[in-house]
């Protein structure tokens, strides 16, 4: 039950989404920011103050990093620096590798860390600890780095970090809250990689997957001064009333609060004097590209925000309310309209189904749209091609999605209550499947309202 007009508006949504992803390609982002002429290395753009480095001042160049988009970032750096790279090591999610010449890739698990991530990170730490004043370190950080760059602190173990991470994902904690805890049970996050690399010079290139592009939150800020404290980390546990926290983690956090464990490095410390931090790609860049593509396709676009957070079902309701207003009063823009938003919502898991925040957003939106005119499409997708533990990046729905489900004997509200958006949207053929995109700047949401 997808008529020709519905198919057209759904197709336009997918085209706009793909353009948003293309605009934040990590390989291109590095090439846009980093330039090499002879021994002169320049990092920056017209909008970002340049850092100029004389490569002749350095004996060795190391490359480290982690995240879903780190492999194509490393490919760009290898093409720029070539044989000047003495050694490179990065951690990426399984299936997110690419062919590199000077850099060793370790594939590891995400969003729950695994032994591969620990081992790859340990080798990076060994490399950084060997760096001296005459060495230059390139750090390549992208979304997913918090799970992929993992090295437990104190007596905590990888299994205990997995357990705590799962608790945090299920309770609906924000990425900032999750990362404040991650930093304080890790020996590499929250500026500790900078601590290991000092006194080497570091160029830290980050592809942002966090709301507001806060550098100390991106992958838990391994090369960035940490603004959070042990006390902040403990407040997250209290806020969500988390029970049965692994004993070693509790003990370590309490030791930090009492001053028996050193805090994460803070702004003003000498270890950051030689670190140059750059955000080279972000959600707002993707949204602006979507805006331009929507114009090209004949829509009146409006970017709401790149910083939207909150429970995904509630955020979906707000987006559908805007679509209803456009249909009824042509406010805030007249149709054909394309409402664009970004950021990262959360899902409080109460059921035992399968899905992700983007699929849950779309299923909630479909329920709210039931009965509206057919000339509406809602798309929500992760720019990395991932949405929860599924093969989908998200979904694209229309006012007939719920009806298609009913025809198959499926009740949308029951699937939503069970956090089982994947299986409903799979049956109604509304999943958005892109495969790994090689980038990661949170989510892009589109609401298209035809004329």
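FYI, it's all coordinate maths here, none of it is from the lab. Predicted model, so just to flag it, every value in this text is computed and none were measured. Counting neighbours? That spans all protein chains shown, and the Cβs are built from the backbone with ideal geometry, glycine included.
Can you order the peptides 258-266, 204-212, 289-297 by their average number of other Cβ atoms within 10 Å per residue, highest first? Intermediate results must be reported in sequence, preceding the final value.
On the way: 258-266: 14.7, 204-212: 26.1, 289-297: 19.2.
Going by the mean number of other Cβ atoms within 10 Å, highest first, we get 204-212, 289-297, 258-266.
Can you tell me the length gained on complete extension of the stretch residue 250 to residue 98, counting 0.36 nm per residue apart and subtracting the Cα distance? Can you show the working numbers first?
Working: separation 152, 0.36 × 152 = 54.72 nm, distance 3.88 nm.
Taking 0.36 nm per residue and subtracting the Cα distance, the gain is 50.8 nm.
Quick one: what does P(r) look like for segment 276-345 with 5 Å bins over all Cα pairs, in whole %?
That works out to 4, 16, 22, 21, 20, 10, 4, 2, 1, 0, 0, in percent per bin.
Given segment 273-427 reduced to its alpha-carbon atoms as identical point scatterers, what log10 I(q)/I(0) does the Debye formula return at q = 0.17 Å⁻¹?
-1.00
Using the alpha-carbon atoms, what tilt in degrees (0 to 90, nearest 10) does helix 4-23 show relative to the longest principal axis of the chain?
On a 0 to 90 degree scale, this one is about 10.
By counting other Cβ atoms within 10 Å of each Cβ, how are 428, 312, 106 ranked from fewest to most?
106, 428, 312
In degrees from 0 to 90, rounded to the nearest 10, what is the angle of the helix 312-329 Cα long axis to the longest principal axis of the chain?
Computed tilt is about 50 degrees.
Using all C-alpha to C-alpha distances in segment 37-191, build P(r) with 5 Å bins and read off the rounded percent in each one.
2, 9, 18, 20, 18, 14, 10, 6, 3, 1, 0
Please state the relative contact order of segment 221-309 as a whole percent: Cα pairs under 8 Å, 6+ residues apart? Don't skip to the answer; put the middle values down first.
Working: 41 pairs, mean separation 27.9, N = 89.
Answer for segment 221-309 is 31 percent.
Specify whether the C-alpha gyration tensor of segment 189-299 places it in the rounded, prolate or oblate class, a ≥ b ≥ c being the square roots of the eigenvalues: rounded for a/c under 1.5, otherwise prolate if a/b is larger than b/c and oblate if not. Numbers along the way, then the final one.
Details: a/c = 3.79, a/b = 1.51, b/c = 2.51.
Since a/c reaches 1.5 but b/c is at least a/b, the shape of segment 189-299 is classed as oblate.
Kindly provide the helix-only [θ] at 222 nm of the chain, computed as the sum of -39,500 (n - 2.57) over DSSP H runs of four or more divided by all residues, to the nearest 500 deg cm²/dmol?
Numbers: 16 runs with 174 residues, N = 451.
The helix contribution divided over the chain gives -11500 deg cm²/dmol.
Report the rotationally averaged projected area of segment 139-196 based on its alpha-carbon convex hull, in square nanometres.
Working: hull surface 16.2 nm².
Mean projected area of the Cα convex hull: 4.1 nm².
Could you work out the percent of alpha carbon pairs in segment 64-136 separated by over 16 Å, rounded to a whole number?
On the way: 1256 of 2628 pairs.
Here the tail beyond 16 Å accounts for 48 percent of pairs.
Can you give the Kirkwood hydrodynamic radius of the chain from its Cα pairs, in Å with one decimal?
Values: mean 1/r = 0.0443 Å⁻¹.
Radius from the Kirkwood sum: 22.6 Å.
Once the piece of chain linking residue 292 and residue 134 is laid out straight, how much longer is it, given 0.36 nm per residue of separation minus the C-alpha distance between them?
On the way: separation 158, 0.36 × 158 = 56.88 nm, distance 4.50 nm.
Contour length minus the Cα-Cα distance gives 52.4 nm.
To the nearest 10 degrees, how steep is helix 283-296 against the longest Cα principal axis of the chain, on a 0 to 90 scale?
Between the helix axis and the principal axis of the chain, the angle is about 40 degrees.
Take the alpha carbon gyration tensor of segment 28-90, find the square roots of its eigenvalues, order them as a ≥ b ≥ c, and report rounded if a/c is under 1.5; if not, report prolate when a/b exceeds b/c, else oblate. All intermediate terms of the calculation are to be shown ahead of the outcome.
Details: a/c = 1.95, a/b = 1.08, b/c = 1.81.
Oblate shape, in that a/c is at least 1.5 and b/c is the bigger or equal ratio.
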